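Before any comments, here is the structure.
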Amino acid sequence: MSDKHTIKVRVNGIAYERDVESRLLLGDFLRENLNLTGTHFGCEHGVCGACTVLLNGQSIRSCLMFAVQADGCEITTVEGLGDPDHMHPLQQSFWDNHGLQCGFCTAGMLMTAFDLIRNYSLETEDDIRLGLSGNICRCTGYQNIVTAVREAVKTLRAKPIA
Amino acid sequence: MAFTQLVGSRVRRVEDPRFLVGKATYVDDIRFPDTLHLAFVRSTRAHARLGRIDLDGARQAPGVHGIFTGADIAAALKPIGKPYHEKVFPPSVCHQPKWPCLATDKVRYVGEGIVAVLAESRYLAEDAAELVDLEYEDLSVVMDAEEALKPGAPLIHEEFDSNMMVHVTGGGGDVDAAFRDAAVVVRERFYTNRHMGCALEGRATLAKFDAEGDITLWSSNQMPHMLRTRIADIMGFPEHKLRVIAPDVGGGFGPKAFVYPEDVLTCYFARLMKRPVRWTEDRREHLLATFHAKEDIIECEMSFTADGTVRGMRAKIVQDLGAYCADPWPSPFEGLQLAATLEGPYKFQGYAYEVSTAWTNKMTSAAYRGVGHVPGVYVQEHMMDLAARRLGMDPIALRMKNMIRPEEFPYVTLTGLNYDSGSSTDALKKAADILGYESFRREQLEARSQGRYIGVGVSTYIEMTVFGTKFMASAGVDHGNHDSAIVRMDPGGGVTLLVGTLSHGQGHQTTFAQLAADELGIRMEDIKLVQGDTQATPYGWGTGASRSAVVGGGAVVQAARKVKEKILRIAGKMLEVSPADLELVSGKAQVKGAPTRAVAIKEVARMATFSPGRLPAGEEPGLEATCYYDPPAFTFANATHIATVEVDIETGKVKILRYVVVEDCGKIINPVIVEGQITGGVAQGLGTALYEHLLYDEHGQMLTGSFMDYLVPTCTEVPNVEFGHIETLTPLTVGGVKGMGEGGAIAPPGAIANAVADALAPFDVKFTELPLTPNRVWDTIRKAREKKSNPDVSHASTSAT
């Protein structure tokens, strides 16, 4: 027996109205209902961070939220960050600094980093590492990701990190 | 304007944009209408006979289109298995078990697939799976490899008379003489932790059956041609009507280099149901039912003379295989490779080993980055440090004394490994210099006087890379390991590379383009890489085993050279000079020493396709060449890792202060890629050393079934790596390149065990079990303190996890 609820969300600036089951995960809603497959599932239990998106400006794990909980909210996914012709400075910095290998964690890393840079002070490299510690990467060993975020902070804030 | 030399340069990856903007295509991103979703009922028992399976409730569930048991598919699908060639490993010597795609009479590990449910969504398929009712008749569970080998142990594969898959002995030299009259013998028993590759993208499959009767399978797999060949065999399906595509793959590391039941079943059900079928595993399934790795018990002894010359080694290895055997690379690879490589970079006079490989009621073990090397180097290097302590020698001095010297390469080990070239002593010296070893020792004394425990640990190794077909044959594996490339230039002068390897994070779209661009004198932007589609690419063996730069890159260069020679012949005719007087530079075929006499490569390309009548006599139209390249059995890379740590003796917590890597992988194509591979490998190696452990309880239930318990290193656990590079070109490959992808993961457990023991030198401890959790470190210190205060009381060793 399915139960359907009508939700209204704005995703990457576009308004959507959809009928969803209560148990549909937000990440599945983005991937299946809206065909935004840039957001990935790596664990479905809130540890790996691959599913991170922005909800009303804050980074959240879309595997730990139901679509119905996002009713009336503004969501930004990696597709809303930039495209190949107009990359966000974060995306550009990841590219310039070899901040990805297989790419599966990258969307989540970018969205977390976006939140970090906008909402936290990030005085030191340790601050960046702590801020990213909720996003697992199995390929890179993190070093270049940290560099990418440092460089992006410089670009976005014109203030270098110690 | 001259193009820069690309090979050897730090070139930014060309493939990155699609990943950065969320437009990459992983298997689960692909959508077809009418797709059915597959979910599995998996065993909740580690060892049991299967009784009644009640599907009535599940069949009634909404959206269900089909439910299948092992009995339903047994006639159509062969079991997975038999990877060893019977000529090399006959049945009398090696037991090769059958792994059915769905369990039939028995289950052998928690997580084994029993029932397959096909429904309109994954949610509905899992709802239905929950309604399946199963009867199990529990059997005694075997959770320890040594117990499994004892007479009377419950038999996991009852068609055999024991739980031993294969038992091998080997070695070389005179080991008894090497131990006779030895001044110092170090003897230890090691346990290495069951863990796994754990790529961030789990396994995923999607299959379509079309009107021509062909099947297309998308699979998150490292070796699409291997997968096609194996599935065709298992299904009894014509291989030429099966197309396997590995699109973007979110990490591999070894476990995805095999055929799994889910790959076969997805194809089978797509054909049966005549609808697309997909399966995407979740992390719980991944930890339960994707190949595990590296659980070994190693008893090792080494003998030394009084002045620290190493003489002999004996090793007794028991490998925990889990419940079955992986296909096509057989699970015993781990134990056998461990034994074969244990001499490392040291010169032994005698070595004898014995390897037993035993089944247990756990998920099957297969390959994960640094097969055999990870446990082997940990053992080898920790033994060296323990020996240094006994001999009163500095650990680096002891190593230098016993390492193969530069002038001694090529060097053949007692097990017959031909180290073609290497720089073990130089890498060790350079790493020590980068660290400032002497200065650290002074710092250590100072810290100790302040009650702080800091230490340094070295781990140095020689690594097998490439694994050419000659090796596979000698190892009894019934598969090849060549690779291939087609280089095809279109009339516009652009080039398509079609390759048999499968980049899944290693950057081949960039590095292979660097190789081809330099060879053909064109720009990287003019080159496109096609991989991962068995319909388009020549037969290859994918990516793993540190092979692609050598075998894939080697095939690309050799094919590109054939195209280059044809371009030169055609240009020679156009310019009326001998091809030998021409070179390809910056998009032109130009006369050496007289560059204004030139013709654009694009012109040559256009002529080859549009005006073949004007080509030199005997030339075929077009500009295309293929190379199938079977490389040497091995080329050997080497590296030294040095870690410094601080240990909190009240909590057992280990903090890494610095981490230095000096590596030698021969000719480097792109240092950015190499450093990225090393750093990623180090992160995984630190996981092995400190955090990761797949644990089962005594009933065979997994205790580490999520990322809350299976601890993959995060950003705060991995230090910045300091690099040094040496390039000792090997004479054996195209361009002198060696493999290196696995290396970063190999050395860390040895480096960390050594560094922690060194930090705790005042307690005189050793670490013969991984991982070095805070509990284990703390408990080790506690026992050492007790022993110091009660030297006469016997202190039984208990395993602290």
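The values are calculated or read from the model by the stated rules, or taken from the named source; none is laboratory data. Worth saying up front: this structure is predicted, and the values here are computed from it rather than measured. Cβ atoms come from the backbone with ideal geometry, glycine included; neighbour counts cover every protein chain shown.
Remarks
- Scanning the stretch B:221-258 for residues that are under 19 Å from B:P276 (Cα atoms) and touching a Pro at 6+ places or on another chain (Cβ under 8 Å) yields B:A232, B:V244, B:I245, B:A246.
- Within the stretch B:1-31, the set of residues being within 13 Å of another protein chain (Cβ to nearest Cβ), in a loop (DSSP other than H, G, I, E, B) and either touching a residue at least 24 places away in the same chain (Cβ under 8 Å) or among the hydroxyl-bearing types (S, T, Y) (or both) comprises B:R10, B:V11, B:R12, B:R13, B:V14, B:E15, B:A24, B:T25, B:I30.
- With respect to the conditions (1) at positive phi; (2) surrounded by fewer than 19 Cβ atoms within 10 Å (Cβ to Cβ); (3) within 13 Å of chain B (Cβ to nearest Cβ); (4) of a type outside the set (D, E, K, R), A:G57 falls short on a single one, namely (3).
- Condition check for B:A485: touching a Cys at 6+ places or on another chain (Cβ under 7 Å) and within 18 Å of B:A633 (Cβ to Cβ): no
- If only residues of the stretch B:168-221 that are in a strand (DSSP E or B) and among the hydroxyl-bearing types (S, T, Y) are counted, the one that is farthest from the other protein chains (Cβ to nearest Cβ) is B:T169.
- In the stretch A:113-131, residue farthest from the other protein chains (Cβ to nearest Cβ) [restricted to those that are in a loop (DSSP other than H, G, I, E, B) and in contact with an Asp or Glu (Cβ under 9 Å, 6 or more places away or on another chain)]: A:S121
- In the set (1) within 14 Å of chain A (Cβ to nearest Cβ); (2) buried (at least 23 other Cβ atoms within 10 Å of the Cβ); (3) among the basic types (K, R), the condition left unmet by B:K738 is number (1).
- All positions within the stretch A:132-154 that are within 8 Å of chain B (Cβ to nearest Cβ) and either of a type in the set (G, A, S) or not in a loop (DSSP other than H, G, I, E, B) (or both): A:L132, A:S133, A:G134, A:G141, A:Q143, A:N144, A:I145, A:V146
- Residues satisfying the stated conditions in the stretch B:619-644, i.e. of a type outside the set (D, E) and assigned to a loop (DSSP other than H, G, I, E, B): B:P621, B:G622, B:P631, B:P632, B:A633, B:F634
- Which numbered condition A:R23 misses (of (1) outside any loop (DSSP other than H, G, I, E, B); (2) in contact with a strand residue (DSSP E or B) (Cβ under 9 Å, 6 or more places away or on another chain)): (1)
- Sole residue being touching a residue at least 24 places away in the same chain (Cβ under 8 Å) and touching a Lys or Arg at 6+ places or on another chain (Cβ under 7 Å), chosen from B:E137, B:E126: B:E137
- Per-region count, the stretch B:325-353, residues among the charged types (D, E, K, R), under 13 Å from B:T364 (Cα atoms) and in a loop (DSSP other than H, G, I, E, B): 1
- Filtered residues of the stretch A:80-100 (kept if within 11 Å of the chain's Cα centre (by Cα) and in a helix (DSSP H, G or I)): A:G80
- Search result, residues across the stretch B:452-483 that are outside any loop (DSSP other than H, G, I, E, B), buried (at least 24 other Cβ atoms within 10 Å of the Cβ) and either within 22 Å of the chain's Cα centre (by Cα) or of a type in the set (D, E, K, R) (or both): B:S459, B:T460, B:Y461, B:I462, B:E463, B:M464, B:T465, B:D483
- The helices (runs of 4 or more DSSP H) found entirely in the stretch B:687-801 that carry 1 or more residues being without any contact (Cβ under 8 Å) to a residue 60 or more places away in the chain are B:774-789.
- Test: residue in the stretch B:40-55 that is among the acidic types (D, E) and part of a helix (DSSP H, G or I): no
- Only one of the numbered conditions (1) outside any helix (DSSP H, G or I); (2) more than 9 Å from every other protein chain (Cβ to nearest Cβ) is not met by A:G103, and that is (2).
- Verdict on A:F66 being in contact with a helix residue (DSSP H, G or I) (Cβ under 7 Å, 6 or more places away or on another chain) and crowded, with 24+ Cβ neighbours inside 10 Å: no
- Pairs are defined by a Cβ separation below 6 Å, a sequence spacing of at least 6 or placement on different chains, a first member in the stretch B:211-233 that is in the same structural domain as B:W279 (by TED's automatic domain parsing), and a second member that is among the basic types (K, R) and assigned to a loop (DSSP other than H, G, I, E, B); the pairs so defined are B:S220/B:R203; B:N221/B:K256; B:Q222/B:K256.
- Exclusive hit being farther than 24 Å from B:P748 by Cβ and either modelled with pLDDT under 95 or acidic (D, E) (or both), set B:E343, B:E354: B:E354
- The residues on offer are B:E407, B:E381, and the sole one that is within 30 Å of B:L732 (Cβ to Cβ), in contact with a strand residue (DSSP E or B) (Cβ under 9 Å, 6 or more places away or on another chain) and acidic (D, E) is B:E381.
- Set B:L6, B:L50, B:L55: member being under 28 Å from B:S121 (Cβ atoms), out of contact with any Phe, Trp or Tyr (no Cβ under 7 Å at 6 or more places or on another chain) and hydrophobic (A, V, I, L, M, F, W, C): B:L55
- Taking the criterion of being under 21 Å from B:G250 (Cα atoms), touching a Lys or Arg at 6+ places or on another chain (Cβ under 7 Å) and acidic (D, E), no residue of the stretch B:24-38 qualifies.
- Of the residues making up the stretch B:520-551, just one is surrounded by 23 or more Cβ atoms within 10 Å (Cβ to Cβ) and charged (D, E, K, R), namely B:R547.
- The stretch A:1-50, subset crowded, with 19+ Cβ neighbours inside 10 Å and among the aromatic types (F, W, Y), residue nearest to the other protein chains (Cβ to nearest Cβ): A:F41
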